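Accompanying notes for the structure given below.
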Amino acid sequence: MPATKKAVFHRILLKLSGEALLGEKPFGIDRGFTDYLANEIKGVHALGTQVGAVVGGGNIFRGVSDSAQGMDRVSADHMGMLATVINALALQDALERVGVVTRLLSAHEMREVAEPFIRRRAIRHFEKKRVVIFAGGTGNPYFSTDTAAALRAMEIKAEVLFKGTRVDGIYDADPLKNPAARKFDSLTYLDVLKKDLKVMDATAISLCKDNRLPIVVYNLRQKGILRRIVQGERVGTTVKE
C-alpha cells in the first residue's frame, strides 16, 4: 500500500456557514450532511492536524436577513449568535458519534451546553488532540461569523483559514448562475477587496491581510477535498499576500 501523505498544516481553522448545514433542506439542519462534515473533519484530524471550526447561523437566523428587518440590529445579531450555538451543538454531536473528541466554546456564556471561550483553554484542548468548535460569533453585534473565524484563527495561531462554500473556489461572478464565470487560482487580499468578491466580508479579509493569514476557499461538498488540501494539494482558490 502507498504511504499516506503527511499533513502540511499543524493547526487549521475551518469556517462553515450555517447555510452549509442545510444540506438539501430548505430550513434547519440536515443530519446526513452534518454526518458527512464530521467524517471529513475526522479524516483531517486523523492526519495529526489540529482542527478548529467556526459555524455560522444562517440556516436558522441571521441578524442581517430579511426575517430580521425592522428589528433592532443588536437584538437581531444576538439571535443570530445564539443560532450558531445550535449549529455548533449539531456538529459536535455528529463528530462525537464518529469517535472524535470535541469541545464546544462559546463567546456567550452558557455553562450547561458549552465552555466559555478562553484562548488558553482552547489551545490546551488542541494540545490534547480535541477538535474545538467555536460558537457565538465574536460575542459582539455588528460582526459576522466570517470575522469571528478570522479572529479565532489569529487567537489560536492557526496557519490557514479554510472557507467551505458551494463552489470550488472564488469566481468573478456566481458560477451557479453564470456559466461563463472565471475562476481564480490565487488572489491577494487587496484583489478580493478591490473586486468586491463576496467570499468573506471586508472586515474578515482586512483582518487576515493585517496578520498575513492565508485563506483557502474550496468546495465543501466535494468528498475528500479537505484532506487533500491539508496534505498540500493545490485546490480551490488561495488568498494571500
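What to note about this one:
- Short-range pairs are left out: with C-alpha atoms under 8 Å and at least six residues apart, the relative contact order of region 106-224 is 26 percent.
- Label separation (Lys198 vs Phe27): 2.2 nm, computed from points 7 Å beyond Cα along the C-beta direction.
- Dividing the radius of gyration of the alpha carbons in region 171-223 by their Kirkwood radius gives 0.98 for Rg/Rh.
- Label-to-label distance, nm, for residues given as Gln222 and Glu19 (7 Å Cα→Cβ offset): 1.9 nm
- Percent RCO, i.e. relative contact order, over the chain, from Cα pairs under 8 Å lying at least 6 residues apart: 22 percent
- The three principal axes of the Cα atoms in the chain give end-to-end lengths of 54, 43, 36 Å, sorted in falling order.
- Relative to its Kirkwood radius, the Cα radius of gyration of region 134-219 gives an Rg/Rh of 0.97.
- Other residues lying with their Cβ under 13 Å from the Cβ of Val54 contribute a combined charge of +1, Lys and Arg counting +1, Asp and Glu -1.
- Each peptide in 173-182, 194-203 gets a packing score, the mean of other Cβ atoms within 10 Å over its residues, and the list from highest to lowest is 194-203, 173-182.
- Three-way shape label, region 16-69, alpha-carbon gyration tensor, a/c 1.5: oblate
Where a number appears in this text, it was derived from the coordinates with a stated rule and is not lab data. None of the values given here were measured: they were computed from a predicted structure. Please note: Cβ atoms are built from the backbone with ideal geometry, for glycine as well, and neighbour counts cover all protein chains shown.
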